[in-house]
1. Among the trypsin sites (Lys or Arg not before Pro) in the range 157-191, which ones are in a DSSP loop with at most 15 other Cβ atoms within 10 Å of the Cβ? Mind listing them?
2. Report the Stokes-Einstein translational diffusion coefficient (µm² s⁻¹, integer) for the range 106-255, Rh taken as the Kirkwood radius over Cα pairs, at 25 °C with viscosity 0.890 mPa s.
3. If you restrict to DSSP beta bridges whose two residues both lie in the chain, what percentage is antiparallel, to the nearest 5?
4. Collect residues whose amide H, placed 1.01 Å from N in the peptide plane, falls under 5 Å from the amide H of PHE370; neighbours closer than 5 in sequence don't count.
5. On alpha carbon coordinates alone, what is the Rg over Rh value for the range 298-376, Rh being the Kirkwood radius?
6. If a/c stays under 1.5 just call it rounded; otherwise compare a/b with b/c (prolate if a/b is bigger, oblate if not). Do that for the range 1-158, with a ≥ b ≥ c from the square roots of the Cα gyration tensor eigenvalues.
7. Mind jotting down a quarter of the surface of the convex hull over the alpha carbons of the chain, in square nanometres, one decimal?
8. Among residues other than PHE299 whose Cβ falls under 11 Å from its Cβ, what is the net charge (Lys/Arg +1, Asp/Glu -1)?
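Bear in mind that the values in this text are calculations on the coordinates, not laboratory data. Being a predicted model, the structure only gives us computed values, none of them experimental. Virtual Cβ from ideal backbone geometry, glycine too; neighbours counted across all protein chains shown.
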Amino acid sequence: MVTTTDSAEIRFERYVEEIAAIVDHADRRKPLEAYLTGLLLPGERKSVEPMAALIDPRHVGARHQSMHHFVANADWDDAVVLRVVRNYVLDAMERHGAAAGWIIDDTGIPKKGRHSVGVTRQYCGVLGKQDNCQVAVSLSIANEAVSVPAGYRLYLPELWAKDPKRRKAAGVPKTVRFQTKWQIALDMIDSVRADELPPAPVLADAGYGNVTAFRDALSERLIPYVVGIGGETTVWPPGMEPLPPKQWSEKGRPPSKLRRSSTRKPAAILDMVKHAPENLWNEVCWREGTRGKMTSRFFFLRVRPAHRDQDRHEPRDFEWLIAEWPKGETEPTKFWLSTMPSDTSQDQLIRLAKLRWRIERDYQELKGSFGLDHYEGRGWRGFHHHGTLCIAAYAFLAAERARLSPPEPLSFLRAAGLPRDFKPRGSASAA
């Protein structure tokens, strides 16, 4: 095939070489390229054996063995590989502007059985209910045109974290302890800050925004945020604040904590927003979608959050309260708190609040086209290696999309013809 010096094929080769330098041993270069190629090629199943059949149908067994060893057993650092992948995409992202947000999210991977690392009955967003699944937390760097996960880690439930037999069987490192999802997310944020990435606001849904400790930790780090919250969250209405500490009676320690009373107390934001005057609701368009402009009605107000401030010595700082009430709905449907500056425009606040659509699209593609949820191994290392390689394959495509508009198809990647009698394990019919 005739190629130019800057063809997608050559860029892919350079990309593989850059990652191969990180995974170290020279004998890992071929299984690395085979794994990335298998993930990028069309195919219904992105577990190791079907990909091995796509890459080398006449030597499926040997190819399967080398790829499986590379992903499940080889000792390479997935965090370092993700750093290389992230930097590769950031170069392409800059063509479309600076990073607009660091998006925190998690995704559920339904599983049968109980031996795969981290599997337990817990809430699975994919299914919308409690079920047997794994949950992974991620941090993505995004703007309106490009996004890529820069951190990806399995949430290890407490019953797993405190079970030595399960930990040993799944190869969970001794350094891994139980952490909540927001604590894992905070570790990822600290990691990308240590790498001196361009700063950006943290964006997250109510699963994280409802956690006051998470919001407080971001504020302590001087990181602005736009996070979802529940309608039951309380704030101080305009013109009202907690009472100061009681006057000292000159006995015991001087009182130092804020107070509330029956007449001075915070309000739930849903109740407060529902009764806001109609003229405080503004129509805002945040982007052009496939069906035209995406608009809705929004409410903006500067408020003081009130969570447990009776245990504090001074009121919380003012933040933006944002609410959405789409036409046709009986009440407001979404709420956010934001520590963006007071002079931030309403348009910018909404664009940030709505930028989370990028990670939803990322997960859709990572699972639907790159097999993020197809890994069949049970171990900690294999889970993270497979996820990292899925992100690496997706990142290459994301960079190609950012480079060209529209991007060229990855036509240089071609699957070999499968033998007629090939049938992957677990398949009910021939491939």
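1. Details: sites: LYS162, LYS165, ARG166, ARG167, LYS168, LYS174, ARG177, LYS181; in loops: LYS162, LYS174, ARG177.
Sites meeting the loop and neighbour criteria: LYS162, LYS174, ARG177.
2. On the way: Rh = 18.4 Å.
Taking Rh from Cα pairs, D becomes 133 µm²/s.
3. Values: 50 of 55 bridges.
The antiparallel fraction comes to roughly 90 percent.
4. So PHE370 has HN proximity to no qualifying residue.
5. On the way: Rg = 17.9 Å, Rh = 15.6 Å.
On the Cα set of the range 298-376, Rg over Rh gives 1.15.
6. Details: a/c = 1.90, a/b = 1.14, b/c = 1.66.
Here the range 1-158 falls in the oblate category.
7. Numbers: hull surface 106.8 nm².
About 26.7 nm², averaged over all directions.
8. Details: positive: LYS274, ARG297, LYS334; negative: GLU278, GLU324.
Net local charge, PHE299 excluded: +1.
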